[in-house]
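Engineer: Encoded as structure tokens, here's the structure I'll be asking about.
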Amino acid sequence: MMDPLLGVKIGCLVGLLVVPLLCGLIPAQVQWFHINMARGKHRRILGFIGCFAAGVFLGACIMHMVADALEDIKGEIEKRKQQGDFFSKQNTTAGGDDSEEYPFGELIISFGFFLVFFIESMVLYCCPQAVHSHGDHEVHDDPKGLPESHSSFRAFVLFLSLSFHSIFEGLAIGVQKEKTGALQLCLAVLIHKAIVAFSLALKLVQSGTKARWRLLYLVVFALMSPAGIAIGIGVSLSDGDGSGLAQAVLEGVAAGTFLYVTFLEILPNELSSHESLLVKFSFIGVGFFVMAIIAIWA
């Protein structure tokens with residue numbers, strides 16, 4: 001007979017696969033959400049939805065990815081300090097004062113930020129036409145169209161960092177010891193990922209990513225949390241300690257990449273027009289507030 005806790009985790013796995021995929025397919029497949037075909041009031045409404053999505057990404061960046069990465073990296077460093085390895089030697093050299101500890105978490109996140117910055121700079125320097133290599137932009141009748149910076153390359157980086165973070169969200173569910181904890185965490189992650197999947201699909205559409213790439217990105221993104229749950233179940237069943245430090249470092253790098261895309265791509269793109277700035281600010285604030293509320297449980 002199946003363990004009840006294992007059954008709950010499998011149910012969470014299925015839910016985190018189906019619901020985000022469905023939420024992502026709405027803007028990806030429904031023509032109404034294609035801003036390149038919109039005019040007048042329709043275009044303004046889509047712009048406000050885009051601002052809400054930008055607020056969601058801003059909240060996911062600061063309240064979830066960066067916060068989780070810093071907490072996990074700090075926890076792993078504390079473990080290593082207790083074991084008397086490199087980190088404790090570093091702090092001894094620095095004087096042993098906790099208030100003067102080196103900010104390893106911030107350094108790792110910054111590395112992720114500069115990694116994407118470097119890659120994008122190299123792509124633009126070596127092959128300017130490769131900006132749209134992950135999908136072709138649709139023809140714009142509107143001369144104001146989408147700006148050059150709103151590229152499929154950055155949409156790909158956005159997808160990659162979100163997918164990477166989703167693995168760790170699923171991992172947290174998979175290693176839960178109690179049914180209640182697993183269900184509560186799953187519900188929070190499910191709401192979070194459904195909103196992010198919708199926002200991601202909207203950005204993929206607006207960046208001009210081709211339909212087949214959009215579908216591939218959304219399917220892979222939907223699979224990430226279930227994959228994390230499966231890994232977590234395996235770890236919990238085998239009682240393995242896992243490589244916590246490596247996971248924390250990778251999560252920090254993912255947070256840094258997301259930080260880059262959020263502040264250098266998504267927000268500037270949504271605020272590039274000075275029309276209805278206060279309304280746009282309100283929608284960005286609502287999106288951020290939603291993610292801040294979810295952060296209470298997730």
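The values are calculated or read from the model by the stated rules, or taken from the named source; none is laboratory data. Please read all numbers here as calculations on a predicted model, not as lab measurements. In this analysis, Cβ positions are derived from the backbone assuming ideal geometry, glycine residues included, and neighbour counts consider all displayed protein chains. Accessible surface is based on the protein model in full, side chains and every heavy atom, while ligands, DNA and RNA are left aside. Shrake-Rupley method; radii C 1.70, N 1.55, O 1.52, S 1.80 Å.
Engineer: Counting only protein heavy atoms and a 1.4 Å probe, tell me what percentage of region 181-298's accessible area is made up of carbon and sulfur.
Structural biologist: The value for region 181-298 is 76 percent carbon and sulfur by accessible area.
Engineer: If region 207-268 were replaced by its equivalent ellipsoid, with semi-axes equal to the square roots of 5 times the Cα gyration tensor eigenvalues, what would those be, largest first, whole Å?
Structural biologist: 29, 19, 6
Engineer: As a quick test, which of the pairs LYS41/LYS280; LYS81/LYS179; LYS9/LYS193; LYS79/LYS177 have an alpha carbon distance above 23 angstrom in this structure?
Structural biologist: LYS81/LYS179
Engineer: Is the shape of region 158-298 best called rounded, prolate or oblate, per the rule: a/c under 1.5 gives rounded, else a/b larger than b/c gives prolate, else oblate, with a ≥ b ≥ c the square roots of the Cα gyration tensor eigenvalues?
Structural biologist: Prolate, since a/c reaches 1.5 and a/b exceeds b/c.
Engineer: Taking K and R as +1 and D and E as -1, what net charge do the other residues with C-beta under 15 Å from the C-beta of CYS12 add up to?
Structural biologist: Local charge sum for CYS12: +1.
Engineer: Ignoring ligands, DNA and RNA, what percent of the 1.4 Å accessible area of region 28-81 is carbon and sulfur?
Structural biologist: The value for region 28-81 is 62 percent carbon and sulfur by accessible area.
Engineer: Leaving out ligands and nucleic acids, note down the accessible area per residue over region 158-298 with a 1.4 angstrom probe, in whole Å².
Structural biologist: Heavy-atom SASA per residue in region 158-298 reads 42 Å².
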